1. Among the residues that make up the stretch 301-315, is at least one of them loosely packed, with under 15 Cβ neighbours inside 10 Å and in the same structural domain as Lys255 (by TED's automatic domain parsing)?
2. Looking for something buried (at least 18 other Cβ atoms within 10 Å of the Cβ) and closer than 16 Å to Phe208 by Cβ - is there at least one such residue anywhere in the stretch 81-99?
3. Considering only the stretch 18-51, state which residues are of a type outside the set (A, V, I, L, M, F, W, C) and surrounded by fewer than 19 Cβ atoms within 10 Å (Cβ to Cβ).
4. Is one or more of the residues making up the stretch 60-71 over 24 Å from Leu153 (Cβ atoms) and either in contact with a Gly (Cβ under 8 Å, 6 or more places away or on another chain) or surrounded by 18 or more Cβ atoms within 10 Å (Cβ to Cβ) (or both)?
5. If I filter the stretch 226-244 for residues that are more than 21 Å from Leu85 (Cα to Cα), modelled with pLDDT of 65 or more and of a type outside the set (Asp, Glu), do I get at least one hit?
6. Can you work out which of the residues in the stretch 7-20 that are aliphatic (A, V, I, L, M) and modelled with pLDDT of 90 or more is nearest to Leu38 (Cα to Cα)?
7. Looking at the stretch 337-350, I want the residues that are within 13 Å of Lys301 (Cα to Cα) and have a partner that is surrounded by fewer than 17 Cβ atoms within 10 Å (Cβ to Cβ) with Cβ atoms under 8 Å, at least 6 apart or on another chain. Which pairs are those?
8. Does Ser209 satisfy the criteria of being polar (S, T, N, Q) and in contact with a Ser or Thr (Cβ under 8 Å, 6 or more places away or on another chain)?
Amino acid sequence: MNLTFLEIFVLISIIHCFLLGVVILTSKLLRGQANFYLGISLVILAIVGVNNWFWDIGNNPYIIRFFDLFLWQFLYPTTLFIYFLLVTKNGHFKYPFKWLYSPFIVLTFLNIIVTFQNLYGWLNIPFLTKDTIEVFYQSVSFLSIIYPLTLFLLSFRIVFLKKTKDYFFWIKIFWGLFFLIDLYGSYLELGRFLVGERKSYTYLWAAFSVVVYWMIYIGLYKFKFSNEKFEIRKYVETTKYSSIESNGANEYLDKLINLLTSEKIYLNAQLNREKVAEMLNISPGYLSQILGKTEYENLSKLINHYRVEEAKLLLKKTEFNNYSLVSVGLEVGFNSKSTFYNTFKKETGLTPNEFKKQVL
């Protein structure tokens, strides 16, 4: 068997894709709910890649025939979509997207039946005629184009149209690279659907190799960072505390304290006087007047107090001991590392790192 340099390069990159997925799934630093779906996606893509690689070189060992029973092209778009959803929302997986697995489950089940009868002759189902089987394969080919593109378009709304923080820019690059590769794959599949000719996927996987090595080069830190943010936000949203007692002197101040302690509106880095005033159904000027009579004098000081108190709680938790201070600061609502450090020191007299060493 004579292999070209490109074919060898593609095979090595597919193996690296599989190993990267395994590392993300098993590493203590990377393991988490969001990264679980990323790791699974990479493992699935590696399986699809090795299947295509053997088909392109004209070899079809038994293990590849077994893997071909499962229509993986309907699974990785789902797991990748869920990853984008989780990593950008930074919250619990609250939506009933389990039905997105149904195309993979249903079509794989039908493919197994068709394969057992058409290739192996293990079944004898009368209505599975040659024409019916041809229609099934054409339908699978067509859906292999439509389904991934549909989920990518849905995830576009999540990644690009939803307001996200600046540090999610790498997620947009990640999405764009995967989308371009999927678009090229859809073009190749369209050729098979229209003329019944299976084109080589070697160049497709060569392009994917670039994405894999980009992920290995800069992605591991980013995956760790996004996973830290997700786990911190999940903890923050499920804990409640009250750092300021309301004295009932003003009903709007009482409502504001309730919004801060119960709904934790301070976690929103884009929160400002106008937005808070709108929540309270009062004017921004009247809000400033109310806060001017308190020890905090203005909204910024009050909000930052809650953010610092939240950060202090997180820094005391041993389960977040290995998490970066930047992740903590950003998830409690600060826009940048410098703002977090400066405000924290002003409130406590210590830097976040000094506070962490003191309490642990």
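1. No, that holds for no residue.
2. no
3. Filtering the stretch 18-51 down to residues of a type outside the set (A, V, I, L, M, F, W, C) leaves 21, 26-28, 31-33, 35, 37, 39, 41, 49, 51.
Within the stretch 18-51, Thr26, Ser27, Lys28, Arg31, Gln33 meet the criteria.
4. Initial filter on the stretch 60-71 (over 24 Å from Leu153 (Cβ atoms)): 60-70.
If we keep only those that are either in contact with a Gly (Cβ under 8 Å, 6 or more places away or on another chain) or surrounded by 18 or more Cβ atoms within 10 Å (Cβ to Cβ) (or both) as well, we get 70.
Yes, there is a match, as at least one residue in the stretch 60-71 is over 24 Å from Leu153 (Cβ atoms) and either in contact with a Gly (Cβ under 8 Å, 6 or more places away or on another chain) or surrounded by 18 or more Cβ atoms within 10 Å (Cβ to Cβ) (or both).
5. yes
6. Out of the qualifying residues, it is Leu19.
7. Between residues of the stretch 337-350 that are within 13 Å of Lys301 (Cα to Cα) and residues that are surrounded by fewer than 17 Cβ atoms within 10 Å (Cβ to Cβ), the close pairs are Phe344/Leu350; Phe344/Thr351.
8. yes
The values are calculated or read from the model by the stated rules, or taken from the named source; none is laboratory data. No experiment lies behind these values; they were computed from the predicted model shown. Backbone-built Cβ (ideal geometry, glycine too); neighbour counts: all protein chains shown.
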